[in-house]
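Reviewing the structure listed below.
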Amino acid sequence: MTTRIEHTLEKDLDDAVTEVIAGWDRPGDPREHWRIAARLGWTTILDDFRVDGAVDRDQRELADAACGAVTALARGGFALPLRQTLVARAAAITPVSEVDTVAVHPTAQGLWEPIADVLVSADGSVTHGVPGGEAGRDLADRPYRLAPPPPQEIPRRLTALADVLWCQEMIGAAQGAVAEARRYVTQRVQFGRPLAAIPAVRNLLGQLKIDLRELETSTYEARHRLFGDDSDALTFALVTAREVAAAVSPRIAQTSHQLHGAMGITREAGLHWRTKLLWAGCDEGAARRDHGIEAVPVDEPSLWSLTTPGTLRSGARP
């Protein structure tokens with residue numbers, strides 16, 4: 001699998017978002033948080049992203065920047081419609097002029113649709129206003145409406161981008177949860193020594209590190225193949241990344257709360273804002289799409305080829 005390679009714009013956006021949200025209250029006022037995000041340009045990162053056609057360095061850098069912003073926001077435990085709006089604006093065939101518009105696309109699986117200002121259809125057409133229908137709230141308190149699976153005519157690069165950003169959101173929430181757990185057991189002292197000195201606690205911290213590394217590595221491999229020519233390899237990498245996320249994210253959440261004990265649900269700890277995002281993310285769209293798994297071959301030669309890391313396939317850059 002491909003190991004992580006830091007990209008300048010990804011790190012720049014990650015650092016910038018992290019610095020801004022450090023001063024936000026949780027949950028605070030989501031509307032004000034969204035206005036700040038829009039004013040700082042986070043919502044328009046992918047406005048010039050091309051969903052098909054030739055790929056150049058600029059397109060890769062736009063994707064890197066979007067990944068950095070989405071990851072940092074989730075690491076802080078904030079649930080905003082950033083990744084859904086980024087994808088919708090990239091898909092729109094006519095520009096969405098207002099930077100603070102909440103926009104959704106079929107790849108959002110109905111998440112945030114009840115409060116969306118703009119709906120972008122599968123063909124990229126833009127509709128203003130919100131349709132009627134029943135709405136609910138997920139564990140992270142995000143509004144949603146049950147929606148059918150995205151139609152197949154959506155450009156593959158766009159659906160892949162949506163999946164990658166979902167994985168990056170899961171990475172961010174997982175990183176935040178692990179950091180909170182590590183900080184607590186390092187600072188919490190019992191019987192004259194920190195909890196982290198207890199062998200059983202160290203073992204749990206080690207498992208958290210392994211789970212997080214699996215999630216990061218599988219996602220970076222999918223990103224590595226995002227702009228490649230091999231659509232089978234991309235599908236396999238995305239299915240793998242989502243499967244890894246579905247397996248390790250609940251375990252990261254459970255282990256982090258186990259290390260925190262009752263402190264993990266308090267506002268002071270802040271852990272539960274990250275773990276709610278992890279659990280809600282695992283549920284997102286789970287009953288309404290197969291995420292491409294039916295297209296994955298089952299014969300050994302094909303699977304052997306598809307598991308070859310991206311760096312060895314064609315020299316593609318993540």
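Answer rounded, prolate or oblate for region 15-89, using the Cα gyration tensor with square roots of eigenvalues a ≥ b ≥ c: rounded when a/c is under 1.5, else prolate when a/b is larger than b/c, else oblate.
It comes out prolate by the Cα gyration axes.
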When the chain is fully extended, how far beyond the present Cα-Cα distance does residue 50 get from residue 94, taking 0.36 nm per residue of separation? 14.5 nm
Let's test the formula: R0 of 35 Å, r as the Cβ-Cβ distance of residue 232 and residue 12. What FRET efficiency results, to the nearest 0.05? 0.60
Descending semi-axes in whole angstrom, ellipsoid equivalent of region 88-189, from the Cα gyration tensor: 32, 16, 13
Leaving ligands, DNA and RNA out of it, report the carbon-plus-sulfur percent of the accessible area of region 114-230 at a 1.4 Å probe. 54 percent
Can you give me the P(r) profile for region 137-246? Cα pairs, bins 10 angstrom wide beginning at 0, each as a whole percent. 13, 32, 28, 17, 8, 2, 0
Convert each backbone phi in region 207-217 into a coupling constant with the Karplus relation 6.51 cos²θ - 1.76 cosθ + 1.60 (shift: θ = phi - 60°), then list the ³J(HN,Hα) values in order as whole Hz, x for Gly and Pro. 5, 4, 5, 5, 4, 5, 5, 4, 5, 5, 5
Working only with C-alpha atoms, what are the Rg and Dmax values of region 182-228, expressed in angstrom? 16.3, 55
With a ≥ b ≥ c the root eigenvalues of the C-alpha gyration tensor of region 22-150, is it rounded (a/c under 1.5), prolate (a/b larger than b/c) or oblate? oblate
Listed peptides 196-204, 102-110, 64-72 by packing density, highest first (mean Cβ within 10 Å): 64-72, 102-110, 196-204
So for region 66-121, considering every pair of alpha-carbon atoms, how many percent are separated by more than 15 Å? 44 percent
With a 1.4 Å probe and all protein chains kept in place, how do 191, 49, 236 rank by accessible area, largest first? 191, 236, 49
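The values are calculated or read from the model by the stated rules, or taken from the named source; none is laboratory data. Quantities reported herein were computed from a predicted structural model and do not represent experimental measurements. Neighbour counts run over all protein chains shown; Cβ positions are idealised from the backbone, glycine included. Each accessible area value is taken on the protein alone, full model and side chains, heavy atoms only, with ligands, DNA and RNA left out. Shrake-Rupley method; radii C 1.70, N 1.55, O 1.52, S 1.80 Å.
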